[in-house]
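Report on the following structure.
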4 protein chains.
Amino acid sequence: MSAPLNPPSLAEAVNAKGFSHAAGFRIVAVAPGNAEVALARRPDLVQFFGHFHGGVITALADQAAGVAVTSSLPAGRIGVTVEIKVNFLSPADGTELVARAKTLKMSGSIGVATVEVFSKDGATETLCAFCTATMRALDLPAEFR
Amino acid sequence: MSAPLNPPSLAEAVNAKGFSHAAGFRIVAVAPGNAEVALARRPDLVQFFGHFHGGVITALADQAAGVAVTSSLPAGRIGVTVEIKVNFLSPADGTELVARAKTLKMSGSIGVATVEVFSKDGATETLCAFCTATMRALDLPAEFR
Amino acid sequence: MSAPLNPPSLAEAVNAKGFSHAAGFRIVAVAPGNAEVALARRPDLVQFFGHFHGGVITALADQAAGVAVTSSLPAGRIGVTVEIKVNFLSPADGTELVARAKTLKMSGSIGVATVEVFSKDGATETLCAFCTATMRALDLPAEFR
Amino acid sequence: MSAPLNPPSLAEAVNAKGFSHAAGFRIVAVAPGNAEVALARRPDLVQFFGHFHGGVITALADQAAGVAVTSSLPAGRIGVTVEIKVNFLSPADGTELVARAKTLKMSGSIGVATVEVFSKDGATETLCAFCTATMRALDLPAEFR
């Protein structure tokens, strides 16, 4: 997880579009098989109790898993989500979320990643969600290359 | 799934806040143990390929599961998500999503719901995701009553 | 779910080996994309409280999902499990288990099935577990054809 | 994971019954929130290709998660499985399985554990499955105390 991202990359291109851009996902670091993605709290990202919404937590975990798996694929390939599973462990009531993903296994075109999501408040990080995601590697369609 | 929602309800109150409000979730129908929640496509809700983002799909499924489980609880109780699992089955490339949740089982304070999420394009509905969610019932904190 | 199995089939061959044979799994019916597999209670299949062991319930659900997905594949292909997820809904304290699987979607080599597992006591069936499974289709190795 | 189990314990009592006894599950070590459970290969525990059956792998992971969660509960309480999810990462073709579980979080009566399952062949361990399990703590019924 040492290397900062070397832009412009596929991960940055993916992140700069649609929901991940609108929500403000920030790719913090990428290394082959690993990724860290962060998200600052905003009023439009929370749920009824004022904590980060579970769907937003899942979206962040999904993004981190996708970047982690894609970062270990050859150029021109991208990982898309087959299924994702998240356990919510404690209230995500910090000022920021940080999702750290690592690829457990690539087997043919199937990759499996785990993601720990932390709720940050100042220097304190609390594990607020744990995620597993199954990805499949696709050739990036020509219009996206 | 017949009865339209009778506002103002807890489901409407939950839905009127934070991410679900900002994204435009619409509660279509609620019956004890069941719920239908819809979401129109917007550019800030999609992913790289232009389909609804998997995290947004999960958020919608989560909301539908929460409303379904909460609707079968006594007044003053609310279902919060323990864990959620989504399989993505086909591209969510329609103009609208519709999530239909049903409670499989309440056992003590634990409820399990399944959610089918459809991508709609005109009159055509395509099953794009299938979700299971485990909820736990809590007493609604006093400040939210 | 109408047609009885037409032996000898791949499903029967798979079922006649190892754990599924030793435990006594019975393929009740197979139709393209669907399967029903049953299991009678035995003292070596239960857990501490005397109900069917969760791992045995999962094994039965897995077998049913595998047969359901494989039954929709061309000859010489078999579905193997990528991941499986089971919610346990009520005590599996009947005299028999029946697992009914249906394929939700085949997309390329990936298939997703849901399985309802019922605990039977005489004519009464109780839903005791709900399962989703992701399968991938492989060419059957030559030595197994 | 240092301390050997101090028998007779609840974990040993659970393990000495039904399927876990018949299959030959061995509790290797228990520490608060952690457990290691092993299983030697036998012809009646494999699937069609001769690897450990996915249901048997799940049963072992479930047992390890249950012991891990139960080991952190007060005396007279036991963890039972709400839901379990397993990703199969590589063929479980070794001579033994070892499942190592750790509790991520206890929150009220709900506990979440992750389990790594390794296929062993001599001194070589290969991660063959990754599991998450959600448990709920119950008072042990009087007849089991």
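Throughout, read-outs are computed from the coordinates displayed, never taken from laboratory work. Being a predicted model, the structure only gives us computed values, none of them experimental. Methodologically, a virtual Cβ is constructed for each residue, glycine included, from the backbone with ideal geometry; neighbour enumeration extends over all protein chains shown.
Say each of A:S107 and D:L138 gets a label point 7 Å from the Cα, pointing the same way as Cα to Cβ; how far apart are those two points in nm?
3.2
With +1 on each Lys and Arg Cβ and -1 on each Asp and Glu Cβ, how big is the dipole of the protein assembly as shown about its Cα centre, in debye rounded to the nearest 20? Intermediate results must be reported in sequence, preceding the final value.
On the way: 48 positive and 48 negative charges, 0 e Å.
Magnitude of the dipole: close to 0 debye.
Within 9 Å, Cβ to Cβ, of D:V98, how many net charges do the neighbouring residues add up to if Lys/Arg are +1 and Asp/Glu are -1?
Numbers: positive: D:R100, D:K120; negative: D:E36, D:E96, D:E116, D:E125.
Counting the neighbours of D:V98, the net charge comes to -2.
Tell me which residues come under 5 Å, amide H to amide H, from A:S72 once H is placed; ignore anything under 5 positions away on its chain.
The list, which skips near neighbours in sequence, is A:G33.
What ranking of B:H53, C:H21 emerges when the number of other C-beta atoms within 10 Å of each C-beta is taken as an exposure proxy, fewest first? Before the final figure, lay out the partial values.
Values: B:H53 27, C:H21 15.
If I rank by nearby Cβ atoms, fewest first, I get C:H21, B:H53.
Spin-label point model (7 Å from Cα, Cβ direction): what's the D:D44 to B:L127 distance in nm?
3.7
Using only the alpha carbons of the protein assembly as shown, determine the length spanned along each of the three principal axes and report them from longest to shortest in whole angstroms.
55, 55, 52
Percent of Cα-Cα pairs more than 16 Å apart in segment D:23-64, please. All intermediate terms of the calculation are to be shown ahead of the outcome.
Working: 317 of 861 pairs.
Value for segment D:23-64 (Cα pairs over 16 Å): 37 percent.
In Å, the Kirkwood hydrodynamic radius of segment B:50-116 over pairs of distinct alpha carbons?
Working: mean 1/r = 0.0782 Å⁻¹.
Taking every pair of different Cα atoms in segment B:50-116, averaging 1/r and inverting gives 12.8 Å.
Note the distances from A:T95 to each other copy's matching label point, with points 7 Å along the Cα-to-beta-carbon direction, in nm, sorted shortest first.
From this label point to the equivalent ones elsewhere in the assembly: 4.4, 5.7, 6.6 nm.
Using Cα atoms only, what is the angle between the long axis of helix D:54-70 and the major principal axis of chain D, expressed in degrees (0 to 90) to the nearest 10?
30
I need to check one value: relative contact order of chain C, counting alpha carbon pairs closer than 8 Å and at least 6 residues apart, in percent. Walk me through the intermediate numbers first.
Values: 330 pairs, mean separation 32.7, N = 145.
With pairs under 8 Å counted, the relative contact order is 23 percent.
Using helices alone, I'd like the mean residue ellipticity at 222 nm for chain B: each DSSP H run of four-plus residues gives -39500 (n - 2.57), total over residue count, nearest 500. Kindly include the intermediate steps, with their values, before the conclusion.
Working: 3 runs with 29 residues, N = 145.
Roughly -6000 deg cm²/dmol at 222 nm, from the helical runs in chain B.
If you take every residue apart from D:A29 with its C-beta less than 10 Å away from the C-beta of D:A29, what net charge results, scoring Lys and Arg +1 and Asp and Glu -1? Kindly include the intermediate steps, with their values, before the conclusion.
On the way: positive: D:R100; negative: D:E36.
It works out to a net charge of 0.
From the phi angles alone, apply the Karplus equation (6.51, -1.76, 1.60; θ = phi - 60°) to segment D:133-145 and give each ³J(HN,Hα) in whole Hz, x where the residue is Gly or Pro.
For segment D:133-145, the Karplus-derived couplings read 9, 9, 10, 10, 8, 10, 5, 5, x, 4, 5, 9, 7 Hz, x marking Gly and Pro.
One decimal, nm, shortest first: give the distances between the label point of B:R26 and those of the same position in the other copies, each label point 7 Å from Cα along Cα→Cβ.
3.6, 5.1, 6.3
Go through B:K17/C:K102; A:K17/A:K105; B:K85/C:K102 and tell me which ones have a Cα-Cα distance over 30 Å in this structure. Intermediate values should be presented prior to the final figure.
Numbers: B:K17/C:K102 38 Å; A:K17/A:K105 27 Å; B:K85/C:K102 18 Å.
Going by Cα-Cα distance, B:K17/C:K102 fall outside the 30 Å limit.
Mind running the shape call on segment C:9-144? Use the C-alpha gyration tensor, a ≥ b ≥ c as the square roots of the eigenvalues: rounded below 1.5 for a/c, prolate if a/b tops b/c, oblate otherwise. Walk me through the intermediate numbers first.
On the way: a/c = 2.04, a/b = 1.64, b/c = 1.25.
In terms of gyration-tensor shape, prolate.
Tally Lys/Arg at +1 and Asp/Glu at -1 over every other residue whose Cβ is under 11 Å from the Cβ of C:L60; what's the total? It would help to have the intermediate numbers written out before the result.
Details: positive: C:R26, C:R100; negative: C:E36, C:D62, C:E96.
It works out to a net charge of -1.
If you place +1 on the Cβ of every Lys and Arg and -1 on the Cβ of every Asp and Glu, how big does the dipole about the Cα centre of segment D:9-144 come out, in debye to the nearest 20? Could you put the intermediate results ahead of the total?
Details: 11 positive and 12 negative charges, 41 e Å.
Once rounded to the nearest 20, the dipole reads 200 debye.
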